[in-house]
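Peer 1: Would you mind keeping the following structure in view while I ask a few things?
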Amino acid sequence: MFTLENGLKVILVTNDKLPRVAFSLVLDRDPLMEGDKAGLTGFVGQMMTSGTDSRTKDQIDEEIDFIGASLSASSTSIFGSSLKKHQGKLLELMTDVLYNPSFPEEELEKLRKQTLTGLATTKDDPDAISSRLASAMVYGKEHPYGEVETEETINNISVEDVKSYYETFFKPNIAYLTIVGDMELNEAKKITEQYFADWQAGDVPRFTYDKPARTGETVVGLVDRSSSVQTVINITQPVELKVGDEDYISSRLLNQILGGGSSARLFMNLREDKGFTYGAYSSIIPDRLIGEFNASASVRTEVTDSAVVEILHEINKIVGEGVTAEELEKAKANLSGSFGRSLESPSTIASFALNIERYGLPKDYYKNYLQELNSYTVSDINQTAKELIDPSKLYITAVGNGSEIQEKLAQFGEVMLYDNMGFPAKELTADADMTAEKVISNYLEAIGGKDKAQTIETAKFTMNADVMGTSLSMGMIYDSKGRYAQNTSIGGNVMQSTVILKDSGKISAQGQTIELSGEQLEEAKVNSYLIPEAWIGELEYSVSLDGLKDVDGTPAYKVIIESPSGAKLINYYDQSTGLKIKNENPTSGDTFYSDYQEKNGVLIPMTWTIKSPMIPVPLEAKVVDVKINETLTESDFQ
């Protein structure tokens, strides 16, 4: 390693097996609280590679592609790689991005839109919700590891904010440049002087944060996601552990035994023995601020409490009774093998060299790693378990169907409710005399009355949507006699269609047709009415109220409408307006309704936001044409 006059530390890892070079520039800044601009750091790297004073984004991309190179950036790094013969051009482009980013406004708006779309997706993703919940409980929202991006914070970010971050933190005196590839020391000194010596050093702010304390006793955090048929469980607590600490290597052995793979205790118990899940794992993650212990699994709703019991049992057992010699030997063999394989990658060698500098490790730390790993005894691992994990002070987090699991979770500790962004759930107060029948009556009154709704005997809808830049059109036909047709087209070509007649149905996609029968058909039939609430009596449907729920910040009554066959329709109605705002379908996904407009005396939602497991991002469909009570023919349902 050597250091330039401006403070840039350069690490060279020579590898002449291939005529390639890679340059990795890393900023060593403190974690940053972004506050009301949370999400800012996610924009910085992409904004830096979106254009410079002399090149547009397209020009940068073209020049990189022309030499077969790669170039990327983040809020704390810039990475580039190419063939050795093109390293001059690569460094020219890399330093142009480093020194002269132009931060085009239009690119920020593009990134903002993409980020908001991604955020909408994660708001309904159980694993993402679980991650936010665990972070909120362990770190709190006033810690950089606990804060979350929201629509509001993303919309607060300006180009000036991105520029300010860049001007504040992109300084050579907090940076490391790692060079991996076909290069000797003299050349490395020459090219780094040539390309990086003019980079100006500067003061960089430092930040300190209170270390999150462990909870006084085990507590439970729950996000009620009523459409879930599984519960995402995460049992966690903060751990004081850094890379290079006395317990670091032994913590890896401990975790390998507890939940490091398919032969570990958690997996063997919850999957192989109990059949609760496809997999159960744990991790002990080191960090310079504060580390974290996790044990997690996604399990069937009905075994949620049993799974928590088993995870806690394994945690208590490994802390209280320790590990066996046989388990330790297997863990050593596994970790030794993976360490050896990792050495085949030059980037691993580079990351080791960087760790030595950043964490102040002995120069021979990784050279002696395997010897150190194999020196640990059963007693050492048992002591590490007792020092790192306290089974009496755990956070248990669960994302799942609250009405099915909340009472069962209470046996483990006080259950605290959170929303899907990791904030404490709002206190919801249902009207004392509210019933399912009243919710339906209020809804019908809100849209214009039951009599008016029943005057809509047929309806044809045309909707347009955009999915990741692709225009999509949907046509839907409703008939109060129980007939329904729907098709989805891209570029005028029908990609998927559904037809429901009174006692039959079919779905066609990609040249194949599936005839619906049994439960599938009954579920399709109950979902085939435009305003099923208006025909509940005639259809002999029953209704039941499942409480007041938080639907993205709106208190809404959850009503289950059930057909005589047992098929269910799950809807949510705004407590304040009475309007239907969400339909929940565990199979096909959820639909959110907004922008109600009057059509033929009845309020009809003109925006349908569809969140389906079959599409990668939420689909916002706008109704562009509505035809009410047109005569339908057989051709409409073919």
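The values are calculated or read from the model by the stated rules, or taken from the named source; none is laboratory data. Predicted, not measured: the structure shown is a model, and the values here were computed from it. For neighbour counting, all protein chains shown are included, and Cβ atoms are generated from backbone atoms with ideal geometry for every residue, glycine included. In case anyone asks, the SASA skips ligands and DNA or RNA and just uses the protein heavy atoms, side chains included. Shrake-Rupley method; radii C 1.70, N 1.55, O 1.52, S 1.80 Å.
Peer 1: Looking at region 142-156, which of the residues that are out of contact with any Ser or Thr (no Cβ under 9 Å at 6 or more places or on another chain), of a type outside the set (Ser, Thr, Tyr) and in a loop (DSSP other than H, G, I, E, B) is surrounded by the fewest Cβ atoms within 10 Å (Cβ to Cβ)?
Peer 2: Only one residue fits best here, namely 142.
Peer 1: Of 590, 546, which residue is open to solvent by less than 30 Å² (accessible area, probe 1.4 Å) and under 24 Å from residue 418 (Cβ atoms)?
Peer 2: Matching residue, one of 590, 546: 590.
Peer 1: Which is modelled with pLDDT of 90 or more and open to solvent by less than 30 Å² (accessible area, probe 1.4 Å), of 531, 514, 507?
Peer 2: Only one candidate passes the filter, namely 531.
Peer 1: Only one of 382, 355 is farther than 30 Å from residue 25 by Cα, open to solvent by 20 Å² or more (accessible area, probe 1.4 Å) and part of a helix (DSSP H, G or I); which?
Peer 2: Exactly one residue qualifies, and that residue is 382.
Residues checked against (1) in contact with a Pro (Cβ under 9 Å, 6 or more places away or on another chain); (2) free of Cβ contacts under 8 Å to residues at least 24 places away in the same chain; (3) closer than 16 Å to residue 44 by Cβ:
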{"position": "95", "(1), (2), (3)": "no, no, no"}
{"position": "100", "(1), (2), (3)": "no, no, yes"}
{"position": "126", "(1), (2), (3)": "no, no, no"}
{"position": "134", "(1), (2), (3)": "no, no, no"}
{"position": "140", "(1), (2), (3)": "yes, no, no"}
{"position": "163", "(1), (2), (3)": "yes, no, yes"}
{"position": "184", "(1), (2), (3)": "no, no, no"}
{"position": "188", "(1), (2), (3)": "no, no, no"}
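Peer 1: Select from region 18-29 the residues that are in a loop (DSSP other than H, G, I, E, B) and in contact with an Asp or Glu (Cβ under 8 Å, 6 or more places away or on another chain) and list them in ascending order.
Peer 2: If the condition is that a residue be in a loop (DSSP other than H, G, I, E, B) and in contact with an Asp or Glu (Cβ under 8 Å, 6 or more places away or on another chain), then 18, 19 are the ones that fit.
Peer 1: For region 243-269, which positions are within 27 Å of residue 145 (Cβ to Cβ) and touching an Asp or Glu at 6+ places or on another chain (Cβ under 7 Å)?
Peer 2: Within region 243-269, 247, 249, 250, 257, 258, 266 qualify.
Peer 1: Looking at (1) open to solvent by 30 Å² or more (accessible area, probe 1.4 Å); (2) more than 22 Å from residue 21 (Cα to Cα); (3) over 24 Å from the mean Cα position of the chain (by Cα), can you tell me which one residue 68 breaks?
Peer 2: Here residue 68 clears every test but (2).
Peer 1: What is the residue count in region 227-236 for residues that are open to solvent by 20 Å² or more (accessible area, probe 1.4 Å) and in a loop (DSSP other than H, G, I, E, B)?
Peer 2: 1
Peer 1: From 266, 258, 253, 289, which residue is over 20 Å from residue 308 (Cα atoms), open to solvent by less than 20 Å² (accessible area, probe 1.4 Å) and outside any strand (DSSP E or B)?
Peer 2: The unique qualifying residue is 253.
Peer 1: Moving on to the next point. For the subset of region 340-391 comprising residues that are touching a Lys or Arg at 6+ places or on another chain (Cβ under 7 Å) and not hydrophobic (A, V, I, L, M, F, W, C), which member is nearest to residue 18 (Cα to Cα)?
Peer 2: Checked region 340-391; the qualifying residue nearest to residue 18 (Cα to Cα) is 357.
Peer 1: So how many residues does region 585-609 have that are in a loop (DSSP other than H, G, I, E, B) and either of a type in the set (D, E, K, R) or within 29 Å of residue 231 (Cβ to Cβ) (or both)?
Peer 2: Summing the residues that are in a loop (DSSP other than H, G, I, E, B) and either of a type in the set (D, E, K, R) or within 29 Å of residue 231 (Cβ to Cβ) (or both) in region 585-609 gives 5.
Peer 1: Out of the residues in region 336-361 that are touching a residue at least 40 places away in the same chain (Cβ under 8 Å) and hydrophobic (A, V, I, L, M, F, W, C), which is farthest from residue 77 (Cα to Cα)?
Peer 2: Going through the qualifying residues, I end up with 361.
Peer 1: Let me ask something additional. Let me confirm something: among 582, 627, which residue is within 19 Å of residue 477 (Cβ to Cβ), out of contact with any helix residue (DSSP H, G or I) (no Cβ under 6 Å at 6 or more places or on another chain), open to solvent by 20 Å² or more (accessible area, probe 1.4 Å) and in a strand (DSSP E or B)?
Peer 2: From the options 582, 627, the qualifying one is 627.
Peer 1: Which of the residues that make up region 269-286 are part of a helix (DSSP H, G or I) and either surrounded by 24 or more Cβ atoms within 10 Å (Cβ to Cβ) or modelled with pLDDT under 95 (or both)? Lay out the reasoning, then the answer.
Peer 2: So in region 269-286, the residues part of a helix (DSSP H, G or I) come out as 269-273.
Selection gives 270 alone.
Peer 1: Going by what's in this entry, would residue 239 be described as under 21 Å from the mean Cα position of the chain (by Cα) and surrounded by 20 or more Cβ atoms within 10 Å (Cβ to Cβ)? Step through it out loud before you land on a result.
Peer 2: Values: under 21 Å from the mean Cα position of the chain (by Cα): no; surrounded by 20 or more Cβ atoms within 10 Å (Cβ to Cβ): yes.
Taking the combined requirement at face value, the residue does not satisfy it.
Peer 1: Hey, among the residues in region 109-126 that are in a helix (DSSP H, G or I) and among the charged types (D, E, K, R), which one's surrounded by the most Cβ atoms within 10 Å (Cβ to Cβ)?
Peer 2: Across region 109-126, the extreme among qualifying residues is 112.
Peer 1: How about region 388-407: which of its residues are buried (at least 16 other Cβ atoms within 10 Å of the Cβ), at pLDDT 95 or above and in a helix (DSSP H, G or I)?
Peer 2: Passing the criteria: 388, 405, 406.
Peer 1: Inspect all residues belonging to region 33-51 and state whether any of them is surrounded by fewer than 19 Cβ atoms within 10 Å (Cβ to Cβ) and part of a strand (DSSP E or B).
Peer 2: For region 33-51, residues surrounded by fewer than 19 Cβ atoms within 10 Å (Cβ to Cβ) and part of a strand (DSSP E or B): absent.
Peer 1: Select, from 433, 364, the only residue that is under 30 Å from residue 250 (Cβ atoms), free of Cβ contacts under 8 Å to residues at least 24 places away in the same chain and outside any helix (DSSP H, G or I).
Peer 2: 364
Peer 1: Please go through region 181-211 and pick out each residue that is open to solvent by less than 20 Å² (accessible area, probe 1.4 Å), touching a strand residue (DSSP E or B) at 6+ places or on another chain (Cβ under 7 Å) and assigned to a loop (DSSP other than H, G, I, E, B).
Peer 2: Listed by number, the list holds a single entry, 183.
Peer 1: Restricting attention to region 610-624, and to residues there that are of a type outside the set (A, V, I, L, M, F, W, C) and not in a loop (DSSP other than H, G, I, E, B), which single residue is least open to solvent (accessible area, probe 1.4 Å)?
Peer 2: Here the residue is 611.
Peer 1: Another one. Considering region 412-449 alone, what residues qualify as being in contact with a Phe, Trp or Tyr (Cβ under 8 Å, 6 or more places away or on another chain) and either loosely packed, with under 14 Cβ neighbours inside 10 Å or under 30 Å from residue 148 (Cβ atoms) (or both)?
Peer 2: Hits for region 412-449 are 424, 425, 430.
Peer 1: Can I ask one more? From (1) of a type in the set (Val, Ile, Thr); (2) over 30 Å from residue 222 (Cβ atoms); (3) in contact with a helix residue (DSSP H, G or I) (Cβ under 6 Å, 6 or more places away or on another chain), pick out the condition that doesn't hold for residue 405.
Peer 2: (2)
Peer 1: Right, here's the next one. Can you say whether residue 8 is in contact with a strand residue (DSSP E or B) (Cβ under 6 Å, 6 or more places away or on another chain), over 18 Å from residue 82 (Cβ atoms) and not charged (D, E, K, R), as far as the supplied structure shows?
Peer 2: Considered against the rule, which asks whether it is in contact with a strand residue (DSSP E or B) (Cβ under 6 Å, 6 or more places away or on another chain), over 18 Å from residue 82 (Cβ atoms) and not charged (D, E, K, R), residue 8 comes out as yes.
Peer 1: Is it the case that region 215-238 has a residue that's out of contact with any Phe, Trp or Tyr (no Cβ under 8 Å at 6 or more places or on another chain) and without any contact (Cβ under 8 Å) to a residue 40 or more places away in the chain?
Peer 2: No, every residue in region 215-238 fails to be out of contact with any Phe, Trp or Tyr (no Cβ under 8 Å at 6 or more places or on another chain) and without any contact (Cβ under 8 Å) to a residue 40 or more places away in the chain.
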